[in-house]
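Heads up: the structure comes next, in structure tokens.
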Amino acid sequence: MRPLRLAMWSGPRNISTAMMRAWENRGDCAVVDEPLYAHYLAHTGLEHPGREEIIAAGETDWRKVAAGLTGAVPDGKPIFYQKHMTHHLLPHIGRAWLGELTHVFLIRDPRAVLVSYTRTRREVTAEDLGSVQELEIFQHLREQTGRTPPVIDAGEFLKSPEAQLRSLCAQLGVGFTPRMLQWPPGPRPTDGVWAPHWYERVLKSTGFEPYEAAEPAVPAEYRPVLEAVLPSYEALFEERLR
């Protein structure tokens, strides 16, 4: 049987790392953490926490990254979970290899993303949040395959993680296991070298965090960014798993 190569696309400050924990904890799943990050930083020249360490530890040739993601699965596992940031798929990167993956999109209200993101980086652009890129990738794949990829909204997911995971697993043709709901705290060898900068809460976690109903207030200085990304989020929200 061919392995399931599962590409989970997300913007930053979502539940993407917790989702990676859930899949890795299954026991039958290999994971890779943001494999295009080193290429993204090397190509754009952007300053991110741990930039030089990320570039040194990663692969800066996107073609080699794509070959690894579509080649042999680590340890021969039947599932290969690939955590991707949408903004890492830069426009010059070829997309033919995406046809060899199964895709899922993870979205989060950009108000919450902005408030979380700016705790670590004060300067933020619409491109940093990845929402516009996420919609573009989604539309590209739907046109390419004729199928609508699953979309998971983080807010709705956190209201009922088990029900959402059961539904997603059914769509993907894999069995659900309760091991996806809880995991041991602490770092993993599979975490990116950027984990100390971004994963503080996840490293302490043993499961998905409780849903918070309060809508965060976005400071006025970030309103233009919110207005730029909100339509893309809303379009994807209409396609969400229900």
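Gly27 - would you say it is closer than 28 Å to His92 by Cβ and not hydrophobic (A, V, I, L, M, F, W, C)?
no
Mind listing whichever residues of region 142-164 are within 12 Å of Glu239 (Cβ to Cβ) and under 17 Å from the mean Cα position of the chain (by Cα)?
Pro149, Pro150, Val151, Ile152, Asp153
Restricting attention to region 138-173, which residues are touching a Gly at 6+ places or on another chain (Cβ under 7 Å) and aromatic (Phe, Trp, Tyr)?
Passing the criteria: none in range.
Name the single residue that is surrounded by the fewest Cβ atoms within 10 Å (Cβ to Cβ) among those in region 49-73 being among the aliphatic types (A, V, I, L, M) and free of Cβ contacts under 8 Å to residues at least 60 places away in the same chain.
Ala72
In region 149-165, which residues are out of contact with any Leu (no Cβ under 7 Å at 6 or more places or on another chain) and surrounded by fewer than 14 Cβ atoms within 10 Å (Cβ to Cβ)?
Result: Lys159, Ser160, Ala163.
Within region 1-25, take every residue that is part of a loop (DSSP other than H, G, I, E, B) and surrounded by fewer than 20 Cβ atoms within 10 Å (Cβ to Cβ) and give me the one that is modelled with the lowest pLDDT.
Met1
Which condition does Ile79 not pass, out of (1) within 17 Å of Leu141 (Cβ to Cβ); (2) aliphatic (A, V, I, L, M); (3) touching a residue at least 40 places away in the same chain (Cβ under 8 Å), if it passes all the others?
(1)
Kindly list the number of the only condition in (1) exposed (fewer than 15 other Cβ atoms within 10 Å of the Cβ); (2) of a type outside the set (A, V, I, L, M); (3) out of contact with any strand residue (DSSP E or B) (no Cβ under 6 Å at 6 or more places or on another chain) that fails for Gln182.
The one condition Gln182 does not meet is (3).
Give region 137-148 a look and list any residue that's touching a residue at least 40 places away in the same chain (Cβ under 8 Å) and surrounded by fewer than 18 Cβ atoms within 10 Å (Cβ to Cβ), or say none.
Once the filter is applied, which keeps residues that are touching a residue at least 40 places away in the same chain (Cβ under 8 Å) and surrounded by fewer than 18 Cβ atoms within 10 Å (Cβ to Cβ), region 137-148 yields His140, Gln144, Thr145, Thr148.
Which pairs turn up if I take residues in region 158-171 that are closer than 12 Å to Arg242 by Cα and look for partners that are at pLDDT below 95 and among the aliphatic types (A, V, I, L, M) with beta carbon separation below 6 Å, at least 6 apart in sequence or on another chain?
Ser167/Leu241
Output the number of the condition that Ser167 fails; it satisfies all remaining conditions of (1) under 20 Å from Thr86 (Cα atoms); (2) more than 16 Å from the chain's Cα centre (by Cα); (3) assigned to a helix (DSSP H, G or I).
Only one criterion in (1) under 20 Å from Thr86 (Cα atoms); (2) more than 16 Å from the chain's Cα centre (by Cα); (3) assigned to a helix (DSSP H, G or I) is unmet by Ser167, namely (1).
Going through Gly94, Gly99, Gly130, Gly76 one at a time, which residue ends up being out of contact with any helix residue (DSSP H, G or I) (no Cβ under 6 Å at 6 or more places or on another chain), on the phi > 0 side of the Ramachandran plot and either crowded, with 17+ Cβ neighbours inside 10 Å or of a type in the set (Gly, Ala, Ser) (or both)?
Just a single option satisfies the conditions, and that option is Gly76.
Could you please let me know if Pro110 is crowded, with 22+ Cβ neighbours inside 10 Å and not hydrophobic (A, V, I, L, M, F, W, C)?
So Pro110 passes the test.
Any residue at all in region 186-205 that is over 25 Å from Pro35 (Cα atoms) and loosely packed, with under 12 Cβ neighbours inside 10 Å?
no
Quick check on this structure: which one of Val202, Val174, Val193, Val218 is aliphatic (A, V, I, L, M) and farther than 22 Å from Gln82 by Cα?
Just a single option satisfies the conditions, and that option is Val218.
When you scan region 72-123, how many residues do you find that are in contact with an Asp or Glu (Cβ under 7 Å, 6 or more places away or on another chain), part of a strand (DSSP E or B) and among the β-branched types (Val, Ile, Thr)?
2
The values are calculated or read from the model by the stated rules, or taken from the named source; none is laboratory data. Quick caveat, the model's predicted, so the values are computed rather than measured. Ideal geometry is used to build each Cβ from the backbone, glycine not excepted, and the neighbour counts take in all protein chains shown.
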